[in-house]
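Below is one structure, written out as structure tokens, with a few remarks after it.
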Amino acid sequence: MEVSSTYRYAKISAFKAREVTRAIQGLPVSAALDIVAFSPKKAATMIGKTLKSAIANAENNANLKVDGLVVKEAVVGEGPSFKRIMARARGSASGIIKRTSHIRIVLTDEIPIETRETRKAKQKQAEKTAKKAAETGEAHKGEASAKKPAKKAAKKTKK
């Protein structure tokens, strides 16, 4: 089941906020909270609030366990821009654009959480299957490689 939370009109540019959301996408909720907590960026606090809100929505509204939640997507879109004027020399003015953004975080429990242990187990299993394939396929590969030099030698003699 998917649960989402949105922080609208956040007073930060979408470009700056996307840097943090890319880091947490696809991670378990506990790891995402750690990254957000220790990130020195201004966007990290805003994204942390949105992430905590999504976790609370999952617990209270959807009756999901926090341990099994994964950040499915963390998207930052552009919001409206405030246009202001700054006085300049000789009575002229220049524009200032104060950008806003909309932060949306979607959590799900359908994606399995991948830990270091499960990743290592998958690697070991892949290595075992590769060894078995190599043992059964070595005889065929050896024959093919033995034929190739003979063909090259035959071509050299014709020239």
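The values are calculated or read from the model by the stated rules, or taken from the named source; none is laboratory data. Computed from a predicted structure; not experimentally measured. All Cβ positions, even for glycine, are placed from backbone atoms using ideal geometry, and neighbour counts span all protein chains on display.
Before moving on, here are some points about what is shown:
- Residue list for region 36-57, filter: farther than 16 Å from LYS16 by Cα, free of Cβ contacts under 8 Å to residues at least 24 places away in the same chain and of a type outside the set (Gly, Ala, Ser): PHE38, LYS52
- Of the residues in region 69-83, not one is in a helix (DSSP H, G or I) and at pLDDT below 95.
- Unmet criterion (only one of (1) over 22 Å from ILE97 (Cα atoms); (2) within 16 Å of the chain's Cα centre (by Cα); (3) surrounded by 14 or more Cβ atoms within 10 Å (Cβ to Cβ)) for ALA17: (1)
- Flag if ILE97 is touching a helix residue (DSSP H, G or I) at 6+ places or on another chain (Cβ under 6 Å) and β-branched (Val, Ile, Thr): no
This table checks each residue for (1) closer than 22 Å to SER30 by Cα; (2) at pLDDT 85 or above; (3) in a strand (DSSP E or B); (4) of a type in the set (A, V, I, L, M, F, W, C).
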{"site": "ILE97", "(1), (2), (3), (4)": "no, yes, yes, yes"}
{"site": "ILE105", "(1), (2), (3), (4)": "yes, yes, yes, yes"}
{"site": "ILE111", "(1), (2), (3), (4)": "yes, no, no, yes"}
{"site": "GLU117", "(1), (2), (3), (4)": "yes, no, no, no"}
{"site": "GLN123", "(1), (2), (3), (4)": "no, yes, no, no"}
{"site": "GLU127", "(1), (2), (3), (4)": "no, yes, no, no"}
{"site": "LYS131", "(1), (2), (3), (4)": "no, yes, no, no"}
{"site": "GLY137", "(1), (2), (3), (4)": "no, no, no, no"}
{"site": "HIS140", "(1), (2), (3), (4)": "no, no, no, no"}
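- Consider region 26-52 and keep the residues that are of a type in the set (S, T, N, Q) and surrounded by fewer than 16 Cβ atoms within 10 Å (Cβ to Cβ). The one that is modelled with the lowest pLDDT is SER30.
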